[in-house]
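Working notes for the structure below.
Just so you know, all these numbers are worked out from the coordinates, no wet-lab data involved. These numbers were taken from a predicted model, which means no experiment stands behind them.
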Amino acid sequence: MSDLGDLWSHISGVLGGIKEYENSIFYRSTPITPGQNTPDFFLYGVHENVSAWAAKRKAFAESEGGAGLGRHFQSVIDCTTSLWFGERVIE
């Protein structure tokens, strides 16, 4: 957890320089019930649609700082990823 401050700064610096990420939302949450097989936290990115997500991933991969940030991310966080679809529910 002590290495996260530097990683968050690195993420902000790299993504802040990529035009496709200008209107992106990312947040972190901690599990309600921690346990031995529960992650320490979850990271979420919210995108307008799958096309926007793909454009952002492409821009990240082609960016000057993307590869270095990817290595930094993997050196600090042991993670898995998934592509979730969410929808606002209104009663």
Calculate how large, on average over all directions, the projected area of the Cα convex hull of the chain is; give the answer in nm² to one decimal.
7.5 nm²
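By how many nm would the segment from residue 43 to residue 61 grow when fully extended, if each residue of separation counts as 0.36 nm and the alpha-carbon distance is taken off?
Details: separation 18, 0.36 × 18 = 6.48 nm, distance 1.90 nm.
Net length gain for the segment: 4.6 nm.
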May I ask you to evaluate 6.51 cos²θ - 1.76 cosθ + 1.60, the Karplus curve with θ = phi - 60°, for each residue of the stretch 26-35 and list the ³J(HN,Hα) values in order in whole Hz, giving x for glycine and proline?
10, 8, 10, 9, 10, x, 5, 10, x, x
